[in-house]
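Beneath this line is the structure, given in structure tokens, with notes to follow.
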Amino acid sequence: METIDCIVVGAGVVGLACARALARAGRDVVVIEAAGSIGTETSSRNSEVIHAGLYYPPGSLKAESCLSGRHALYAYCTERAIAHRRCGKLIVACDEEEVARLEALLTNGVANGVEGLEWMDAEAVTGLEPALRCRKALFSRETGIIDSHAYMLSLRGDLEDAGGMIALETSVLGGEILADGIGLRTRGGDGAETSFLARSLVTCAGLRSDRLLRALSGFPAGQVPRLSYAKGNYFTYSGRSPFRHLVYPVPEAAGLGVHITLDLGGQLRFGPDVEWTDNLDYDVDPARASGFYDAVRRYWPDLPDGTIQPGYAGIRPKLAARGEPARDFLIQGPETHGIPGLVNLLGIESPGLTASLDLGDRVARLLAEA
């Protein structure tokens, strides 16, 4: 059994950020990734938005890591010349009930320490974005967009510059808790099986994180959460975008509502919606377009017919099942499960991209203190 100082399972954006932080702290790090390239699932199937930190309960890990991670991410992108834009976002309320919810969101954002929030009436909104129609809006100046693929490539470069490496097309078959570390059995792309002993193990397996822990003999079954899959479908717009800012409705259960985002080239897209599923199926049903038209026309009534088409879909690993209240990010360290050297990241959905650098630093500190 080959001994490795630190293994990170999962080369999504958070796994890469954790591996980078550990390697820069002097650890010998190997990242194990089942796919043939980095960031192929949740990390590459999202809105590529840098979130300000409005939505999450004050004091929660989501709120704190989003705020800290946003500052770190903007600085990192500037330093590394990674394409991004602090374009700002309008969250719009279309009736009086939504206005009350929007006021509560403003209060929550202020409690979280979010900067650059501005309350706007309908006239001010129309002056900023003439195509929009709403009663009130909350403008978030610190929201932005990023080239997430370039960001992940930069994290990989930092990891490798610090001596770390990534083993692609390598699946974890199972493992066990041992007296001197954590044993893992893996299978490479050539079919060869290998056993490793990790002094430290960080699991960032995203959609498969619960399965990984169930396959780890000796890990307490009561500490394995049941993940639910919330699929988010996106549609693209075939016309020229009339918007310069991101546009979001008031958030809904399990998501932020069907919103308008822009990529760095100015292409407009809609989504995601929320479709609960038991399968990792990324096909977008064209029939869902009617629901997108209805949702978007509440605040953009002049959206032309026949201008949207299926784009792509992503799936979020949710700790809360359908109908349950949203759950916070979960980081399980030795103080939680009693296993030295093991850290599990679970339920890392939005704002995981924004929070990634902060989450990586938190994991590195946890293992340094262990």
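The values are calculated or read from the model by the stated rules, or taken from the named source; none is laboratory data. As the structure is a prediction and not an experimental result, all values here were calculated from the model. Every residue, glycine among them, receives a Cβ derived from its backbone with ideal geometry; neighbour counts consider all protein chains shown.
Scan Thr107, Thr78, Thr126 and give me the residue that is without any contact (Cβ under 8 Å) to a residue 12 or more places away in the chain and surrounded by 14 or more Cβ atoms within 10 Å (Cβ to Cβ).
Details: Thr107 fails: surrounded by 14 or more Cβ atoms within 10 Å (Cβ to Cβ); Thr78 fails: surrounded by 14 or more Cβ atoms within 10 Å (Cβ to Cβ).
One residue alone meets the criteria, Thr126.
Quick one: Pro57 ticks every box in (1) surrounded by fewer than 18 Cβ atoms within 10 Å (Cβ to Cβ); (2) within 19 Å of the chain's Cα centre (by Cα); (3) assigned by TED's automatic domain parsing to the domain that holds Leu173; (4) not aromatic (Phe, Trp, Tyr) bar one, so which box is it?
Pro57 satisfies all of (1) surrounded by fewer than 18 Cβ atoms within 10 Å (Cβ to Cβ); (2) within 19 Å of the chain's Cα centre (by Cα); (3) assigned by TED's automatic domain parsing to the domain that holds Leu173; (4) not aromatic (Phe, Trp, Tyr) except (3).
Output the number of the condition that Ala254 fails; it satisfies all remaining conditions of (1) at pLDDT 95 or above; (2) surrounded by 15 or more Cβ atoms within 10 Å (Cβ to Cβ); (3) closer than 30 Å to His337 by Cα.
In the conditions (1) at pLDDT 95 or above; (2) surrounded by 15 or more Cβ atoms within 10 Å (Cβ to Cβ); (3) closer than 30 Å to His337 by Cα, Ala254 misses (1) alone.
Tell me which residues, restricted to the stretch 291-338, are without any contact (Cβ under 8 Å) to a residue 60 or more places away in the chain, among the hydrophobic types (A, V, I, L, M, F, W, C) and either out of contact with any Lys or Arg (no Cβ under 9 Å at 6 or more places or on another chain) or more than 23 Å from His245 (Cα to Cα) (or both).
Passing the criteria: Phe292, Ala295, Val296.
Can you say whether Phe235 is among the aromatic types (Phe, Trp, Tyr), assigned to a loop (DSSP other than H, G, I, E, B), buried (at least 20 other Cβ atoms within 10 Å of the Cβ) and in contact (Cβ under 8 Å) with a residue 12 or more places away in the chain, as far as the supplied structure shows?
Working: among the aromatic types (Phe, Trp, Tyr): yes; assigned to a loop (DSSP other than H, G, I, E, B): no; buried (at least 20 other Cβ atoms within 10 Å of the Cβ): yes; in contact (Cβ under 8 Å) with a residue 12 or more places away in the chain: yes.
Criteria not met by Phe235.
Report, by residue number, each residue of the stretch 198-223 that is basic (Lys, Arg), surrounded by 15 or more Cβ atoms within 10 Å (Cβ to Cβ) and more than 19 Å from Ile38 (Cβ to Cβ).
Here is the first cut: in the stretch 198-223, the ones basic (Lys, Arg) are 199, 208, 211, 214.
Retained after the next criterion (residues that are surrounded by 15 or more Cβ atoms within 10 Å (Cβ to Cβ)): 199, 208.
Matches in the stretch 198-223: Arg199 only.
Please work out if Ala313 is at pLDDT 95 or above, within 20 Å of Val274 (Cβ to Cβ) and under 24 Å from the mean Cα position of the chain (by Cα). Let's see the steps before the verdict.
Numbers: at pLDDT 95 or above: yes; within 20 Å of Val274 (Cβ to Cβ): yes; under 24 Å from the mean Cα position of the chain (by Cα): yes.
Taking the combined requirement at face value, the residue satisfies it.
Can you name the residue in the stretch 198-232 that is of a type outside the set (A, V, I, L, M, F, W, C), part of a strand (DSSP E or B) and under 25 Å from the mean Cα position of the chain (by Cα) and, of all such residues, is farthest from Asp278 (Cα to Cα)?
Quick first cut of the stretch 198-232, residues of a type outside the set (A, V, I, L, M, F, W, C) only: 199-200, 203, 206, 208-211, 214, 217-218, 220, 222-223, 225-226, 228-229, 231-232.
Still in the list and also part of a strand (DSSP E or B): 199-200, 203, 217, 228-229, 231-232.
Subset that is under 25 Å from the mean Cα position of the chain (by Cα): 200, 203, 228-229, 231-232.
Numbers: Ser200: 31, Thr203: 22, Ser228: 8, Tyr229: 6, Lys231: 9, Gly232: 13 Å.
So, considering only residues that are of a type outside the set (A, V, I, L, M, F, W, C), part of a strand (DSSP E or B) and under 25 Å from the mean Cα position of the chain (by Cα), the one farthest from Asp278 (Cα to Cα) is Ser200.
Sort out which residues of the stretch 129-155 are surrounded by 18 or more Cβ atoms within 10 Å (Cβ to Cβ) and part of a helix (DSSP H, G or I), and write them in order of number.
Ser148, Tyr151, Met152, Ser154, Leu155
Can you spot a residue in the stretch 336-349 that is part of a loop (DSSP other than H, G, I, E, B), charged (D, E, K, R) and closer than 16 Å to Gly232 by Cα?
For the stretch 336-349, residues part of a loop (DSSP other than H, G, I, E, B), charged (D, E, K, R) and closer than 16 Å to Gly232 by Cα: present.
Given the structure, is Pro220 in contact with a helix residue (DSSP H, G or I) (Cβ under 9 Å, 6 or more places away or on another chain), in the same structural domain as Val363 (by TED's automatic domain parsing) and touching a residue at least 60 places away in the same chain (Cβ under 8 Å)? So that I can check it myself, show each step before the final result.
Working: in contact with a helix residue (DSSP H, G or I) (Cβ under 9 Å, 6 or more places away or on another chain): yes; in the same structural domain as Val363 (by TED's automatic domain parsing): yes; touching a residue at least 60 places away in the same chain (Cβ under 8 Å): yes.
Yes, satisfied.
Of the residues that make up the stretch 188-197, is at least one within 28 Å of the chain's Cα centre (by Cα), buried (at least 18 other Cβ atoms within 10 Å of the Cβ) and at pLDDT 95 or above? First the steps, then the outcome.
Initial filter on the stretch 188-197 (within 28 Å of the chain's Cα centre (by Cα)): 188-189.
Narrowing the set further to residues that are buried (at least 18 other Cβ atoms within 10 Å of the Cβ) leaves none.
Taking every residue of the stretch 188-197 in turn, none turns out to be within 28 Å of the chain's Cα centre (by Cα), buried (at least 18 other Cβ atoms within 10 Å of the Cβ) and at pLDDT 95 or above.
Which condition number does Arg185 fail, the rest of (1) without any contact (Cβ under 8 Å) to a residue 40 or more places away in the chain; (2) part of a helix (DSSP H, G or I); (3) not aliphatic (A, V, I, L, M) being met?
Result: Arg185 fails condition (2) only.
Where the second residue is of a type in the set (Asp, Glu) and part of a loop (DSSP other than H, G, I, E, B) and the first is over 19 Å from Leu73 (Cα atoms) and lies in the stretch 1-27, which pairs have Cβ atoms under 6 Å and are six or more apart or on separate chains?
Matching pairs, first to second residue: Asp5/Asp28.
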